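S.K.: The structure is given below, and queries will be raised subsequently.
Just so it is clear, none of the values below were taken in a lab; they were calculated from the coordinates. Just so it is clear, the model here is predicted, and its values are computed rather than measured. Cβ coordinates were reconstructed from backbone atoms using ideal geometry, including for glycine residues, and neighbour counts include every protein chain displayed.
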Amino acid sequence: MGKSFRIRKILAFRNDRFGEFLLIIPALKALRETFSAQITCVVNPCLKELAKCIPQIDEIVPWPNQKHTLREIIFFSNFLRREKFDLAVIFNPTKEAHLISFLSRIPLRLGYDRKWGFLLNRKIKDEKAQGKFHEVEYNLQLVKEIGAYAEDLSLRIELPQEELKKTQYFLSSQGLEPKNYIVISPFCSNPLKEWPLKNFLELAEKLGKDIRVVVTGSREDQERGSLFNSLKERGVLNLIGKTSLFQLAGILKYAKVLISNDSGPVHLACCVGIRTIVLFGNTKPSQSSQRWGPWGKDHIIIEKPKITQIEIEEVLENIRNFSFTL
């Protein structure tokens, strides 16, 4: 199936966490380049503004990543049916997403053969748990099933200039200048994938002697993250729970480097063009750096059988490799 197939309107479904969402960008490029179609993306409502920064997305439809009533599903499906989509691509397989694509009467429904995969009419086997490829590559394998292909496989978002100006003003108000600070992101959605918080605290304290450090995280992390307040005199700025995704993207864009567990901010950093040092515990193939590492060149991955085996000095040595004077 190639360009001769009459696909004019595409519905892309990825409404889970923002890191996973960002990793469909190269697949969206493939769909755009192959079919020159209008792309509408179903996203988690909290990602609506960030999704607007992806050039390949023309329209955004919010749909929470939660269990819905049958009435809500039917109402949403009727809304989508009126849009007359030619193709639905379900990047994160769920029974709801498959049912919605079916009830919306979308002629071509592409996804993975699981979670009511019988409702799809183009599907591939879901082998992601094996962790043999990167998540970006798995997404590309899915759209390749209908002949979609792209030359440029980079991650990229375009932040509004107005937002970047606000970020620059905020950084200046905190005594920060572009490329003179490091961002640390010590939390992630799975606590088992987190480097011990005491290690991040010691790392921030040591780095703070020579370069400014900004610590980020979600509102849910604020209580644990309050420990970083004790490092204020060391030049450590605690922004945990104080930034939107827009603001976080801007802060990352102007940073020297991001140091993080396997988490959404890693993929956001890749989208705004900064390098990362990412810490992994290789406990399962499905959670390894092979699948979830930073996408692109010039990133550093530190991976041990258990993330607790990564030493603070090892992280510092890798930071020195980024040509910092510590």
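S.K.: Label-point separation (nm) for Lys198 and Asn78, each offset 7 Å from Cα along Cα-to-Cβ?
M.R.: Label at Lys198, label at Asn78, 5.9 nm between them.
S.K.: Which of Phe35, Phe280, Phe75, Phe133 has the fewest other C-beta atoms within 10 Å, and how do the rest follow up to the most?
M.R.: Ascending Cβ contact count within 10 Å gives the list Phe75, Phe133, Phe280, Phe35.
S.K.: Here's a follow-up. From the P(r) of region 9-144, can you give the percent of Cα pairs sitting at distances over 20 Å?
M.R.: Distances greater than 20 Å cover 40 percent of the Cα pairs.
S.K.: Something else now. Considering the dipole of the chain built from charges on the beta carbon (Lys and Arg +1, Asp and Glu -1) around the Cα centre, which of Phe85, Gln56, Pro186 is farthest to its positive end?
M.R.: Of the listed residues, the answer is Phe85.
S.K.: In addition: If I model a spin label at Lys67 and Arg234 as a point 7 Å from the Cα along the Cα→Cβ vector, what separation in nanometres do I get?
M.R.: Simple spin-label model gives 4.4 nm for this pair.
S.K.: Then there is this: Sort Thr216, Thr69 so that the residue with the fewest other Cβ atoms within 10 Å of its own Cβ comes first and the one with the most comes last. Don't skip to the end; give the middle numbers.
M.R.: Values: Thr216 27, Thr69 8.
Least crowded to most crowded, the residues run Thr69, Thr216.
S.K.: Kindly give the semi-axes, whole Å and largest first, of the ellipsoid equivalent to region 161-320, taking each as the square root of 5 times a Cα gyration tensor eigenvalue. Walk me through the numbers on the way to the answer.
M.R.: Numbers: eigenvalues 110, 62, 43 Å².
Taking √(5λ) for each Cα gyration eigenvalue gives 23, 18, 15 Å.
S.K.: Given Ala97, Val236, Ile251, which one lies farthest toward the positive end of the charge dipole of the chain, if we put +1 on the Cβ of every Lys and Arg and -1 on the Cβ of every Asp and Glu?
M.R.: Ala97
S.K.: Here is a further query. Based only on Cα atoms, what Rg/Rh ratio does the chain have, Rh being taken as Kirkwood's radius?
M.R.: Numbers: Rg = 20.7 Å, Rh = 20.8 Å.
Reported Rg/Rh, Kirkwood definition of Rh: 1.00.
S.K.: For region 90-207, count the residues as N, evaluate 2.2 N^0.38 Å, and divide the Cα radius of gyration by that value, please. Don't skip to the end; give the middle numbers.
M.R.: Details: Rg = 21.3 Å, N = 118, 2.2 N^0.38 = 13.5 Å.
Compactness ratio reported: 1.58.
S.K.: Taking the Cα centre as origin and putting +1 on Lys and Arg beta-carbons and -1 on Asp and Glu beta-carbons, what dipole magnitude results for the chain, to the nearest 20 debye?
M.R.: 980
S.K.: At 222 nm, what value in deg cm²/dmol follows for the chain if DSSP H runs of at least 4 each add -39500 (n - 2.57) and the sum is divided by all its residues, to the nearest 500?
M.R.: -9500 deg cm²/dmol
S.K.: Can you figure out the FRET efficiency of Arg122 with Glu314, using R₀ = 51 Å and their beta-carbon distance, to the nearest 0.05? Mind showing how you got there, number by number?
M.R.: Details: r = 46 Å, r/R0 = 0.89.
FRET efficiency, Arg122 to Glu314: 0.65.
S.K.: Now, a different point. Suppose the chain between Lys165 and Asn282 were pulled fully straight at 0.36 nm per residue; how much longer would it get relative to their current alpha carbon spacing? All intermediate terms of the calculation are to be shown ahead of the outcome.
M.R.: Details: separation 117, 0.36 × 117 = 42.12 nm, distance 3.95 nm.
Length gained between Lys165 and Asn282: 38.2 nm.
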